Amino acid sequence: MATIEISCVEVWREISDYVDADISAELRLRMEAHFKVCAHCSAVLDGMRNVVGLIADGRLFQMPEGFNKRLYSKINLSE
Amino acid sequence: MRLMSNPLSQLDSIEADLISRVCHGEHKAFEELVRPYERLVYVTAISVLRNSADAEEVAQEAVLKAFSKLSSFRAECKFSTWLVQITYNEARMKLRKDRRHLYESVDDPQQGKEGDYWPKDFADWRLIPSELLENDQVRKALQNAINSLDDMYREVVNLRDIQSLSIKETATILGIPETSVKTRLRRARLLLRDALAPGMDGLWHTGHPYQKVRPW
């Protein structure tokens, strides 16, 4: 079955939802076909995936040492 | 128990039990209730305030407020969502009181904030190992790029991408439609990619010395 072409601008508009797998199967196929032939959009996709993957990593924002203990310091939990 | 009898309750039974115990005077159970979300509270606060000392102060205030208002929690959303909402409100209040303009935005003022944002260049950024996050410079570059986003984008990135909450939860916490969450998320991710991707300043290629060529 022929895939209906999609423009770069349309790809950019949908690329965030594509990364989240939050698009229709039909649109996904069109975008996948586009990525195969468009180096620019492939680069944008790789970069966005890297951004999303890296910032989801727990090591990016680490809690200060002792934060957990101090967190409850304003509450009297002994009652 | 009242909390569990609500058919719309989003609470799991362990949390409902802990909340009930706290409300009946067993204050020690509060720590157990909040413990799984300590990092969530901290990251929420620091994403708004952008410095660790302020984030810690606000986190303590937010937890105190959650403790004192726990009996009014109606389980219309998850406990974690409610706790994050409180933290957000506290952090925003602190920011309003003590606004500092220490960061310049990576956003382009030439482009409307609600309009489309398109990539500015197409430098190749091959997949990189997450071990790079062990590198302080890499972590700092990422944190600075996130901190440089305007509030409305940073908030969405924090909830959706750092804390991995759903679009729906993010929309609930921020009090905006899900479509706005998606639009802001798209723009934020493209901004971050543009800020970090082009050649990565040589930073991401192991074996190459880091050469700072960007303003952050």
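The values are calculated or read from the model by the stated rules, or taken from the named source; none is laboratory data. Predicted, not measured: the structure shown is a model, and the values here were computed from it. We place every Cβ from the backbone using ideal geometry, glycine too, and count neighbours over all the protein chains shown.
Looking at the structure I just gave you, is residue A:50 assigned to a helix (DSSP H, G or I) and either more than 20 Å from the chain's Cα centre (by Cα) or within 11 Å of chain B (Cβ to nearest Cβ) (or both)? Full working, then the answer.
Working: assigned to a helix (DSSP H, G or I): yes; either more than 20 Å from the chain's Cα centre (by Cα) or within 11 Å of chain B (Cβ to nearest Cβ) (or both): yes.
For residue A:50, the condition - assigned to a helix (DSSP H, G or I) and either more than 20 Å from the chain's Cα centre (by Cα) or within 11 Å of chain B (Cβ to nearest Cβ) (or both) - is met.
Restricting attention to segment A:58-69 and to residues that are surrounded by fewer than 15 Cβ atoms within 10 Å (Cβ to Cβ) and facing chain B (nearest Cβ under 7 Å), the residue that is modelled with the highest pLDDT turns out to be A:64. Restricted to helices (runs of 4 or more DSSP H) entirely inside segment B:89-207, those with at least 3 residues that are hydroxyl-bearing (Ser, Thr, Tyr) and modelled with pLDDT of 85 or more are B:178-196. Taken together, the residues in segment B:38-52 that are facing chain A (nearest Cβ under 10 Å) and surrounded by fewer than 21 Cβ atoms within 10 Å (Cβ to Cβ) amount to 3. For segment A:38-46, the condition holds for at least one residue, the condition being that it is surrounded by 14 or more Cβ atoms within 10 Å (Cβ to Cβ), over 28 Å from residue B:135 (Cα atoms), more than 7 Å from chain B (Cβ to nearest Cβ) and not polar (S, T, N, Q).
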